[in-house]
1. Considering each of Glu229, Glu286 in turn, give the residue that is farther than 23 Å from Leu149 by Cβ, of a type in the set (D, E, K, R) and either in contact with a strand residue (DSSP E or B) (Cβ under 7 Å, 6 or more places away or on another chain) or modelled with pLDDT under 95 (or both).
2. Anything in the range 174-183 that is surrounded by fewer than 21 Cβ atoms within 10 Å (Cβ to Cβ) and either touching a strand residue (DSSP E or B) at 6+ places or on another chain (Cβ under 8 Å) or among the basic types (Lys, Arg) (or both)? List them, or say none.
3. For the range 64-107, which positions are modelled with pLDDT of 95 or more, hydrophobic (A, V, I, L, M, F, W, C) and part of a loop (DSSP other than H, G, I, E, B)?
4. Within the set of pairs 6+ apart or on separate chains, which have a first residue in the range 254-266 that is under 24 Å from Arg25 (Cα atoms), a second that is buried (at least 18 other Cβ atoms within 10 Å of the Cβ) and polar (S, T, N, Q), and C-beta atoms under 8 Å apart?
5. Of all residues in the range 148-183, which are in a loop (DSSP other than H, G, I, E, B) and within 11 Å of the chain's Cα centre (by Cα)?
6. If a residue has to be exposed (fewer than 15 other Cβ atoms within 10 Å of the Cβ), at pLDDT 85 or above and not hydrophobic (A, V, I, L, M, F, W, C) to count, how many in the range 2-26 make the cut?
7. Wholly within the range 226-267, which strands (runs of 3 or more DSSP E) include no fewer than the required count, namely at least 2 residues that are surrounded by fewer than 20 Cβ atoms within 10 Å (Cβ to Cβ)?
8. Of the residues in the range 111-147, how many are part of a strand (DSSP E or B), within 17 Å of the chain's Cα centre (by Cα), surrounded by 18 or more Cβ atoms within 10 Å (Cβ to Cβ) and not small (Gly, Ala, Ser)?
Amino acid sequence: MPRVALIQFAPLEPHQGDASLNLQRAHDLVRNAAQEGADLVTLPEYFLVPSSTSHATASHWLSSFQDLARELRVDIQVGTIVERATRRETRPVLENVASYIDWEGNVLHRYKKRNLWWPEKEYLCEGNEDHQVFDTRFGRVGMLICWDLAWPRAFQSLLLQNVSLVLAPTYWTAVDAGPLGLKHNVHSEADYLKVLIPTRAWDNECAIVFTNAGAPASWNEGDPIGNEEGRIGGSCVCVPFKGRIGGAKGPQEELVLVDLDLSILEDARKVYGVRRDLITKLKQEEALPSWVVE
């Protein structure tokens with residue numbers, strides 16, 4: 001039963017691109033999580049540079065978390081770090097990358113965000129690799145980033161690979177609904193997430209660790225979009241049968257610890273049989289990927 005730490009980080013806008021303050025604050029929170037017995041620590045999307053413009057020191061940032069994981073003996077899902085794209089012939093030339101580091105400091109997996117939120121398309125290249133799972137000491141893990149959660153096909157690939165735990169770093173805000181959405185409901189995006197995350201856990205017979213950016217501690221909760229960029233938090237862990245089993249108390253920056261018993265997934269697979277039926281349907285349609293292990 002891993003103890004998962006969700007760091008609902010409230011990134012500060014770096015002065016002239018300097019993310020060192022956010023980096024140090026994130027390190028301190030990871031240390032706090034380790035002292036509380038965390039086995040796996042997660043951070044949100046864009047936790048170092050909210051403006052998504054810096055990439056020059058991406059390798060340094062990642063290696064600093066490798067050293068930290070090795071020192072503290074914890075696994076770390078390093079939110080996302082913006083990097084220069086390897087596909088130089090395309091424009092734009094940046095990619096949004098989530099990395100998973102094990103407790104020995106090894107980068108077990110890197111995932112480049114595939115489903116971009118529409119403003120991101122102006123400065124990010126979408127990833128072109130298939131969604132994949134990878135083995136950890138806690139089981140089979142997959143990573144999705146923010147708007148990926150809205151795409152059932154992203155989950156389907158992970159489901160077919162028998163994923164147990166989906167880690168989802170996000171920077172999902174109240175203002176993402178835009179003027180059209182907000183005129184109907186100023187709480188639209190928070191309400192959406194409250195439905196979306198547990199539903200995806202049920203639909204895909206998996207646990208989901210959703211780690212969103214937090215609002216500054218000084219924010220007045222009475223104003224749903226009044227803090228910087230409308231950060232709404234809502235970080236949580238969801239599993240089938242139970243839905244949300246732990247999470248942040250509010251939108252502000254918070255360190256949340258959740259003991260996650262993944263044995264519940266065995267019962268979910270027996271009761272719902274979503275993966276089993278999906279494989280049967282794809283076989284009938286002669287569309288089952290060759291890599292699927294039944």
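1. None of the other options fit; the residue is Glu286.
2. Lys183
3. Answer for the range 64-107, where residues must be modelled with pLDDT of 95 or more, hydrophobic (A, V, I, L, M, F, W, C) and part of a loop (DSSP other than H, G, I, E, B): Val74, Trp103.
4. As it stands, the answer is Glu254/Gln8; Glu254/Ser235; Leu255/Gln8; Val256/Gln8; Val256/Ser235, since those pairs meet every condition given.
5. Tyr171, Trp172
6. The total comes to 1.
7. Once the strands (runs of 3 or more DSSP E) in the range 226-267 are filtered for at least 2 residues that are surrounded by fewer than 20 Cβ atoms within 10 Å (Cβ to Cβ), what remains is 243-247, 254-259.
8. Of the residues in the range 111-147, 6 are part of a strand (DSSP E or B), within 17 Å of the chain's Cα centre (by Cα), surrounded by 18 or more Cβ atoms within 10 Å (Cβ to Cβ) and not small (Gly, Ala, Ser).
The values are calculated or read from the model by the stated rules, or taken from the named source; none is laboratory data. Treat the numbers as computed from the prediction; the structure is a model and nothing was measured. A quick note on method: Cβ atoms are made from the backbone with ideal geometry, for glycine too, and the neighbour counts reach across all protein chains shown.
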